[in-house]
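**Student:** This is the structure I have questions about; it appears just below.
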Amino acid sequence: METPLANRLSSKKVRHIELATGSGPVVVVPTLHQRLSTLHEISIRLDDAVSFDRILEIMRSETRWLIEHQACFMALINRTRTHYVVHSLSSVTDAADLHQKHFFTDEGVAGAVMSSRTATRTDTRSAENSGPAIEGRLLDLGIKSLLAVPMHAGAETTGCLIFGRAHSAAYSLEDAGIAQQFADHCSMLIRNCSIIEDAGKRISQIELINEVSHQLSAMLHVDELLRGAAESIRETFHYFDVTVFLLNEDRTELLLEAHSGNFSDFLPHGYRQKVGHGIVGWVAENDEEILCNDVSADPRYIVHEYHNTKSELALPIRVDGQLAGVLNVEDAKLHAFDETDGVVLETLCDQLGSALKNARLYEEIQEANIRLIELDKVKTEFLGIVSHDFRSPLSSIILAGRALLKNEEVRRIQRVKDYLQIIVDQANKLNQLAEDTLSITKMESGELTYHFKVVNVIRLIQDAISMVRMSSRHTIAFEVDPTVTFIKADPAKLRQVVQNLIGNAVKYSPRGGKISVKASDYSPKEMLLSVSDQGIGIPAEKVDLLFQKYARVDSGEGNQIKGAGLGLWICKAVVEAHGGNIWIESGASKGTTIKFTVKKVQ
Ligand code: ATP
Ligand code: MG
């Protein structure tokens, strides 16, 4: 165990002692030289201290070797220089209950010494600024004379060191000189320590701010975000009570949206505070922060029946520079906050503001999405009904038209025959469109069901060709590898795929162009079907996009040709439902081949 400093240094240190002898009291007074060497030793000891608490400990145990006293305390000015805090360094000042008490900077002997920046040797009762709160208490405990020296660190006054003794006029000029040197040395060390401690605190605060910001940025719902913010700010920074208010739409009231802490029973979710009322209302009205370390002295504070708030720190939360709410932190202790809390919470309010903006945007997008999905459902249902109802009248028109075209009398009148052919062609196109639309609506609503069976691919291709009327200038050939005649498919839907591909080949190639449909072996389990033309081709960069809904090549010749951009999308969906793949092999003006695979019958 470490030997107490006093014992280890006692050979050198000489204390002012009064000895009682038979011939009356003998006073042992240390020489100035002895006192300076004691000061030197204590200063060396202090230089090793690495924390404020350690400096206080050494001051408390060692000052009595330097300046005789019964009472001793240090007053340190706070950062905002509005108050000083007393640090008791003796049992008498402990008993006077002065430790950790806050006083205004101009109060008491300490206040006078700090403002004049000169030492005072005075009588407790008659001292300048002497008041009941400090000097009165010391007097009650028998302290009659005081020595108060200002503490300097460079040009700045950081506080005051005060000694008290039980008899009057106890301190000499020499005492004042020694005390001054000691006070200045302590002041420098305390300032250095606080710089180091501050830097350490800042680093850990930055880490904590980052941690909280990270958590906030991951929260996408406003409720969850505000609750999360109140919780994590309180837990991470060990605050007593944290609330988050948001402004209502007409900006007249603040609504309590989230609460975490010891007062949450008294201020429930949904609690309202008028803008302009109370501390939180003042912050909203003025868009300015309030740091109040004694709410009882602030006229803006509204006393709550069950509350025992003593300190309050409230800051504006802004979204895009405009006030959106208030973050409020309270404590049941006086002087609970300093400006570092202000800086930390300001940074967090900025983060909260941008997280709030993101969460609001996200919620708006979600709502818009839900509305769009609903609209799309209504549209799909409507299209389904319309296209379904189109099909039977169209089938009747086509059947009647075809029957008339076979009629000998009709065939004899060329103009009637031509017009009839137009009617049948256009009705066929409409029918195709109605079928495509119906397929799409069923695909989108998940109602499209497939009925797989063994299908002869030759029949399937022939059917598809007969459904697409060839212009007299297009020739179409088909070729099927005899080893792969049978496939497993839903015949109506796969026929629609081939039909769409032949339809495109006709549409996007000039008259006289050759179209060829082929079915060949592809892999042990798959057959390959392809439709080729000698038409306008597709630019290489577009081929991957054309299977998307409504996608079309929007330049050049293809632009003149009308279409909905749905055919290939349907083909892909049907082919994939058959377990196959579909792709385009083309290049501008090289003609186009579209291929797809389908399962063979094993
Ligand atoms: P519809 O929905 O009536 O079929 P569409 O033919 O425009 O309209 P898709 O069949 O999906 O739609 O074809 C998409 C686009 O791909 C076409 O607009 C066209 O630009 C291009 N395309 C498709 N097939 C060919 C082809 N054989 N030759 C050249 N371009 C083609
Ligand atoms: Mg098409």
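**Student:** In segment 514-551, which residues are within 16 Å of ligand 2 (Cβ to nearest atom) and among the acidic types (Asp, Glu)?
**Tutor:** Result: Asp533, single match.
**Student:** Taking segment 465-520, which residues are more than 16 Å from ligand 1 (Cβ to nearest atom), of a type in the set (Ser, Thr, Tyr) and part of a strand (DSSP E or B)?
**Tutor:** Of everything in segment 465-520, just one residue is more than 16 Å from ligand 1 (Cβ to nearest atom), of a type in the set (Ser, Thr, Tyr) and part of a strand (DSSP E or B), namely Ser520.
**Student:** Between a residue in segment 559-585 that is in contact (Cβ under 8 Å) with a residue 12 or more places away in the chain and any residue that is surrounded by 14 or more Cβ atoms within 10 Å (Cβ to Cβ) and of a type in the set (Asp, Glu), which pairs come within a Cβ distance under 6 Å, given they are 6 or more apart or on different chains?
**Tutor:** Listed by first residue and then by second, the contacts come to Leu566/Asp436; Ile570/Asp436.
**Student:** So, in segment 150-170, how many residues would count as being without any contact (Cβ under 8 Å) to a residue 60 or more places away in the chain and at negative phi?
**Tutor:** Qualifying residue count for the region: 7.
**Student:** Looking at (1) buried (at least 21 other Cβ atoms within 10 Å of the Cβ); (2) more than 18 Å from the chain's Cα centre (by Cα); (3) of a type in the set (Gly, Ala, Ser), which is the only condition Ser260 fails?
**Tutor:** Tallying (1) buried (at least 21 other Cβ atoms within 10 Å of the Cβ); (2) more than 18 Å from the chain's Cα centre (by Cα); (3) of a type in the set (Gly, Ala, Ser), Ser260 fails exactly one: (1).
**Student:** Looking at Met188, Met151 in this structure, which one is touching a Gly at 6+ places or on another chain (Cβ under 7 Å) and outside any loop (DSSP other than H, G, I, E, B)?
**Tutor:** Met151
**Student:** Right, next: Kindly evaluate Gln560 against the criterion of being surrounded by 21 or more Cβ atoms within 10 Å (Cβ to Cβ) and more than 8 Å from ligand 1 (Cβ to nearest atom).
**Tutor:** In short, no.
**Student:** Taking the condition of being under 17 Å from Asn192 (Cα atoms) and either among the aromatic types (Phe, Trp, Tyr) or free of Cβ contacts under 8 Å to residues at least 12 places away in the same chain (or both), how many residues in segment 37-77 meet it?
**Tutor:** 6
**Student:** Looking at segment 564-585, can you tell me whether even one residue there is more than 15 Å from ligand 2 (Cβ to nearest atom) and modelled with pLDDT under 90?
**Tutor:** Checked segment 564-585: no residue is more than 15 Å from ligand 2 (Cβ to nearest atom) and modelled with pLDDT under 90.
**Student:** Among (1) touching a Leu at 6+ places or on another chain (Cβ under 6 Å); (2) β-branched (Val, Ile, Thr); (3) part of a loop (DSSP other than H, G, I, E, B), which single condition is Ile317 missing?
**Tutor:** (3)
**Student:** May I pose another question? Determine which member of the set Ile423, Ile458, Ile397, Ile373 is part of a helix (DSSP H, G or I) and loosely packed, with under 13 Cβ neighbours inside 10 Å.
**Tutor:** Just a single option satisfies the conditions, and that option is Ile373.
**Student:** Can you tell me which residue among Gly159, Gly228 is at pLDDT 85 or above, under 21 Å from Asp338 (Cβ atoms) and surrounded by 17 or more Cβ atoms within 10 Å (Cβ to Cβ)? Step through it out loud before you land on a result.
**Tutor:** Working: Gly228 fails: under 21 Å from Asp338 (Cβ atoms).
After ruling out the rest, the residue left standing is Gly159.
**Student:** Let me spell it out: the conditions are (1) farther than 30 Å from Ser445 by Cβ; (2) without any contact (Cβ under 8 Å) to a residue 40 or more places away in the chain, and Ala332 meets all of them except one. Which number is the exception?
**Tutor:** Unmet condition: (2).
**Student:** Tell me yes or no: at least one residue of segment 481-488 is crowded, with 19+ Cβ neighbours inside 10 Å, under 24 Å from Gln602 (Cα atoms), in the same structural domain as Ile536 (by TED's automatic domain parsing) and in contact (Cβ under 8 Å) with a residue 24 or more places away in the chain.
**Tutor:** If we filter segment 481-488 for residues that are crowded, with 19+ Cβ neighbours inside 10 Å, which is where we start, we get 484, 487.
Filter once more, so that each one left must be under 24 Å from Gln602 (Cα atoms): 484, 487.
From what's left, in the same structural domain as Ile536 (by TED's automatic domain parsing): 484, 487.
Now drop any that are not in contact (Cβ under 8 Å) with a residue 24 or more places away in the chain, which leaves 484, 487.
There is at least one residue in segment 481-488 that is crowded, with 19+ Cβ neighbours inside 10 Å, under 24 Å from Gln602 (Cα atoms), in the same structural domain as Ile536 (by TED's automatic domain parsing) and in contact (Cβ under 8 Å) with a residue 24 or more places away in the chain.
**Student:** Suppose we keep only residues that are part of a helix (DSSP H, G or I) and more than 11 Å from ligand 1 (Cβ to nearest atom) within segment 563-578. Which one would you say is nearest to Leu529 (Cα to Cα)?
**Tutor:** Ranking the qualifying residues of segment 563-578, first place goes to Val575.
**Student:** Would you check if there is a residue in segment 175-188 being under 30 Å from Phe237 (Cβ atoms) and either surrounded by 17 or more Cβ atoms within 10 Å (Cβ to Cβ) or at pLDDT 95 or above (or both)?
**Tutor:** yes
**Student:** Right, next: Mind checking whether some residue in segment 261-268 is of a type in the set (D, E, K, R) and in a loop (DSSP other than H, G, I, E, B)?
**Tutor:** yes
**Student:** Within segment 70-127, can you find the residues that are of a type in the set (D, E, K, R) and in contact with a Phe, Trp or Tyr (Cβ under 7 Å, 6 or more places away or on another chain)?
**Tutor:** Arg121
**Student:** Please note which strands (runs of 3 or more DSSP E) are completely contained in segment 78-143 and include at least 3 residues that are surrounded by 14 or more Cβ atoms within 10 Å (Cβ to Cβ).
**Tutor:** On the way: elements: 83-88, 102-104, 120-123.
Once the strands (runs of 3 or more DSSP E) in segment 78-143 are filtered for at least 3 residues that are surrounded by 14 or more Cβ atoms within 10 Å (Cβ to Cβ), what remains is 83-88, 120-123.
**Student:** Filtering segment 521-550 down to residues that are over 19 Å from Thr597 (Cβ atoms) and more than 8 Å from ligand 1 (Cβ to nearest atom), which residue is surrounded by the most Cβ atoms within 10 Å (Cβ to Cβ)?
**Tutor:** Step by step, filter segment 521-550, then rank; the result is Gln534.
**Student:** Does Ala218 meet the test of being within 14 Å of the chain's Cα centre (by Cα), more than 27 Å from Asp338 (Cβ to Cβ) and among the small types (Gly, Ala, Ser)? I'd like the intermediate steps shown before the answer.
**Tutor:** Numbers: within 14 Å of the chain's Cα centre (by Cα): yes; more than 27 Å from Asp338 (Cβ to Cβ): yes; among the small types (Gly, Ala, Ser): yes.
So Ala218 fits the description; yes.
**Student:** Another question about this same structure. Output the qualifying pairs, or none if there are none: Cβ atoms under 7 angstrom, residues six or more apart or on different chains, first residue in segment 415-428 and under 23 Å from Ser392 (Cβ atoms) and touching a residue at least 12 places away in the same chain (Cβ under 8 Å), second residue small (Gly, Ala, Ser) and assigned to a helix (DSSP H, G or I).
**Tutor:** Pairs that qualify, where the first residue is under 23 Å from Ser392 (Cβ atoms) and touching a residue at least 12 places away in the same chain (Cβ under 8 Å) and the partner is small (Gly, Ala, Ser) and assigned to a helix (DSSP H, G or I), are Leu420/Gly401; Ile423/Gly401; Val424/Gly401; Ala427/Gly401.
**Student:** Can you give me the number of residues within segment 321-359 that are touching a Pro at 6+ places or on another chain (Cβ under 9 Å) and not in a helix (DSSP H, G or I)?
**Tutor:** 5
The values are calculated or read from the model by the stated rules, or taken from the named source; none is laboratory data. Note that the coordinates shown come from a computational prediction; the quantities given were computed from them, not determined experimentally. In this analysis, Cβ positions are derived from the backbone assuming ideal geometry, glycine residues included, and neighbour counts consider all displayed protein chains.
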